[in-house]
Amino acid sequence: MTTISLDNLDNIKYKTEIRQKTAKPLLWIGLMSIVMFFAGLTSALIVSKSNSIWIKLEVPSMFFVSTILILFSSLTYQLSLSFTKNNQLKFATITTILTFVLGISFTVTQFYAWQQLYHSGVFWAGEQSNPSGSYFYALTALHLLHLFAGLISLLVVVTKSILKKYSPTTILGIQLSLTYWHFLTALWVYLFFFLKFIA
Amino acid sequence: MSAHQHPHEEQDFLFKYVFSQDHKMISKQFLITGFIMGFIGLSMSTLFRLQLGFPGESFWIIDFLLGSWAENGVMLPDKYLALVTMHGTIMVFFLLTAGLSGTFSNLLIPLQIGARDMASGFLNMLSYWFFFVSSVIMLISLGVEGGAASAGWTIYPPLSALPQAIPGSGLGMTLWLVAMAIFIASSLLGSLNYIVTILNLRTKGMTMTRLPLTIWSFLITAIVGVISFPVLLAAALLLVFDRSFGTSFYLSDIYIGGQVLEHAGGSPILFEHLFWFLGHPEVYIVLLPALGITSEIVSTMSRKPIFGYRAMITSMLAIGFLSAIVWGHHMFVTGMNPFLGAVFTFTTLLIAIPSAVKVFNYITTLWKGNIKFSPAMLFSVGLVSTFISGGLTGLILGDSTLDINVHDTYFVVGHFHIVMGLSGIFGMIAGVYHWFPKIFGRMLNNNLGNVHFWITIVSAYGIFFPMHFLGLAGVPRRYYTNSEFPLFDNLFDINTLITWFAILAFFGQLIFFFNFVYSALRGPKAPQNPWKGNSLEWTTGVKHIHGNWPGEIPTVYRWPYDYSKLNDNGDYVTGEDFIPQTVPLADGEKDGGEH
Ligand code: HEM
Ligand SMILES: [Cu+2]
């Protein structure tokens, strides 16, 4: 990189080189801050749990479905990267779209799960609410908020792969989005077990 | 380059000065915004010091500046709380976090590691503009109905959680939270860039043990920020839920105005845990860059290698790590289990070790140095002084058995102003004096700088040293007046004295601001390397160019502290008393960072 002189600074090649070098570390450190965000929230729950009026809640059955869906979506997304690497771009596009659909289905099941909670008398806020319920809603909704960012990145990848912008060597965009997506899956699995066994 | 020139001048202006992605311009933007905020925070403290020193007396300046926040020239009690809260918030976050890190990380990281720019110029630009928007919202909150947030810079619930609690708990508090959420986003974007740039974009030969200590301090600061700010964001979000949606994360068994509220099951102590998990590391987010900056200056201006380079790095790493496990020392009086209190006492006192190592190394670097007392050097030595005198009272506050006696008194106010406020400010000002030639291409006036330093150090100690005695006598912090308690009557003169020093400090800073603005526009042109420094930023031209070096980026061959290095004959190796990092090692010469 030191060989590139100033004249080339606005040069696309230089910019791509910097991006290649720094995009992944940027993402990873960003993920670290999200980890700390949820570490803060889940430790808050552990502190709140010691209160005498804490009510232990059952995980709504829909959350199991969510878990399966998001695990599958990680798998399909990973497949799509492999397809791109093998230059089977058509399959890659299909699996990316599939991932997106699975992501949407995950979102839908989250809403169903909240409905289940609501009907079983677990409220987000107000007189009849208990902090344990509020944590259920807050943690899952904040995860979903992060998932929306993932869905947007998926949309970009879907569009670009339909436009045939990827090739076995230009895959940085997919890799970034994929890493983030796996992270969301891992985060969900963590939250799921945390809510099931600790909360 | 010509192919890239924009046809419209206007557009050029917009991208060069406003939405710039160049780290040097972004650094200037942070500096100027930070200083404006700092000036506002300083003015607030001078105003409420007037009230504390001369309670109930009428001042036209208070009438003039505070308007409806005052009556007949006397500030209103609830507005006093708003001013203290905003003063603390602005000083800690806006001046000494964004202002300090934003300015110097942006300026020095690419220049000192040998990079064209930050990893992502775009995120860097966003980081500044988030900071800007956050500053504007924070200032707007001063003008809203009910006044600005008044629950202290620590915004403990229930005052912060119940909009109807006190006047500042309403819209003012909401805007405080919005501004801080945006601020946290800005800080995270900045930190991401700093870390990745340092780790990935160093020039050839720039190993981690050849980095200037400034860079190490920015790196550790950014890591501490990435780890702790998200937790504050989490805390603030739960607070927003309690305030606006009626959840009970922090509230329980509470009634207001005789009316029982329906909140149940939460705990305000939970907020304290989450807040101080950021709050304590935040102290080091303020302090570490100041330590890095002054290490660099002390070495350069003593014309000696920094003593214990590796020990300096290790102790900063240790401080960074320990800062995450000491937060409980702010909570000794919350009914904490005494055993847990002892644990936090232990971890807190551990920090004394790396801190003492740093102080030792500063002093041994100065020892027998060929010292040049530039204003930057004066402020750096000032930092060594405040770091010692503030650190010593930290030992008292870190010990749970002693802290319980002085908790929430002026002893604490004296302690944290000296160790964090003054050290942070001294480091920042030292950095501005030292790198002003690099930032603006002109020199600051030395005599005004010296006057500024002596006024500042005298008035700073004059303000904050006596506060310890007030605290030991039991004067509580965050009180509008102390004249209502016969117990404190004999302390009255101390309060007046402190206020006189505060006024002196204020005028001292005006000298600096004048020097700053005048020199930026009219100061004498700077030479390329005014302090005969070794690090890479002095190999770039005085005039800023996009990409920093016109040709290739220089290669680095040695650490940055080869000052007054002698060869076997007892002469300076290069004929001068400094050897820039770009000079190759001679045969058999050892690199200083390696041992
Ligand atoms: C000449 C400069 C300054 C003066 C005269 C001053 C004065 C004061 C005083 C008297 C208080 C306590 C008021 C009370 O408890 O009723 C206070 C609070 C505070 N100051 Fe300063 N200060 C100055 C500079 C700074 C700086 C540089 C910082 C940066 C760290 C800072 C941070 C704070 C904080 C965090 C609080 C606590 C606010 C709260 O209680 O919520 N101050 N200041
Ligand atoms: Cu602390």
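Per-residue answers, yes or no, for (1) more than 10 Å from chain B (Cβ to nearest Cβ); (2) modelled with pLDDT under 90:
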position: A:Ile12; (1), (2): yes, yes
position: A:Glu17; (1), (2): yes, yes
position: A:Ile29; (1), (2): no, no
position: A:Ile34; (1), (2): no, no
position: A:Ala39; (1), (2): no, no
position: A:Val47; (1), (2): no, no
position: A:Met62; (1), (2): yes, no
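Can you name the condition, by its number, that B:Ala179 falls short on among (1) away from chain A (no Cβ under 14 Å); (2) under 17 Å from B:Leu107 (Cβ atoms)?
The one condition B:Ala179 does not meet is (2).
Can you tell me which residue in the stretch B:476-501 is surrounded by the most Cβ atoms within 10 Å (Cβ to Cβ), limited to those that are within 11 Å of ligand 1 (Cβ to nearest atom) and more than 27 Å from the chain's Cα centre (by Cα)?
Once the filter is applied, the top-ranked residue is B:Asn482.
Among the candidates B:Val260, B:Val224, B:Val196, single out the residue that is within 12 Å of chain A (Cβ to nearest Cβ) and surrounded by fewer than 21 Cβ atoms within 10 Å (Cβ to Cβ).
It is B:Val260.
Select, from B:Ser374, B:Ser355, B:Ser385, the only residue that is within 16 Å of ligand 1 (Cβ to nearest atom) and touching a residue at least 40 places away in the same chain (Cβ under 8 Å).
Working: B:Ser374 fails: within 16 Å of ligand 1 (Cβ to nearest atom); B:Ser355 fails: within 16 Å of ligand 1 (Cβ to nearest atom).
It is B:Ser385.
Identify all residues within the stretch B:525-541 that are in contact (Cβ under 8 Å) with a residue 24 or more places away in the chain, closer than 18 Å to B:Thr582 by Cα and not small (Gly, Ala, Ser); write none if there are none.
B:Pro530, B:Trp531, B:Lys532, B:Asn534, B:Leu536, B:Glu537, B:Trp538, B:Thr539, B:Thr540
How about the stretch A:45-68: which of its residues are in a helix (DSSP H, G or I) and surrounded by 21 or more Cβ atoms within 10 Å (Cβ to Cβ)?
A:Leu45, A:Ser48, A:Phe63, A:Ser66
Can you find, within the stretch B:272-328, the residue that is farthest from the other protein chains (Cβ to nearest Cβ) among those that are within 16 Å of ligand 2 (Cβ to nearest atom) and hydroxyl-bearing (Ser, Thr, Tyr)?
The first filter runs over the stretch B:272-328 and keeps only residues within 16 Å of ligand 2 (Cβ to nearest atom), leaving B:272-288, B:318-328.
Next, only the ones that are hydroxyl-bearing (Ser, Thr, Tyr) stay: B:284, B:323.
Working: B:Tyr284: 16, B:Ser323: 14 Å.
This residue is B:Tyr284.
(1) of a type outside the set (Asp, Glu); (2) in a helix (DSSP H, G or I); (3) away from ligand 1 (no atom under 16 Å from the Cβ): which one isn't true of B:His280, the others all being true?
Failed condition: (3).
Cβ-Cβ below 6 Å, separation at least six or inter-chain, first residue in the stretch B:314-338 and within 16 Å of ligand 1 (Cβ to nearest atom), second assigned to a loop (DSSP other than H, G, I, E, B): which pairs?
B:Val333/B:His407
Can A:Val122 be described as aliphatic (A, V, I, L, M) and modelled with pLDDT of 95 or more?
No, not satisfied.
Go through the stretch B:245-256 and give me each residue that's within 26 Å of B:Ser186 (Cβ to Cβ) and in contact (Cβ under 8 Å) with a residue 12 or more places away in the chain.
Listed by number, the residues that qualify are B:Phe249, B:Tyr250.
Being crowded, with 20+ Cβ neighbours inside 10 Å and modelled with pLDDT of 95 or more is the filter here; which residues of the stretch B:161-176 pass it?
B:Gly172, B:Met173, B:Leu175, B:Trp176
Would it be correct to say that A:Gln88 is within 14 Å of chain B (Cβ to nearest Cβ) and free of Cβ contacts under 8 Å to residues at least 40 places away in the same chain?
In short, no.
The values are calculated or read from the model by the stated rules, or taken from the named source; none is laboratory data. Just so it is clear, the model here is predicted, and its values are computed rather than measured. Because the Cβ atoms are built from the backbone with ideal geometry, glycine has one as well, and the counts that use them run over all protein chains shown.
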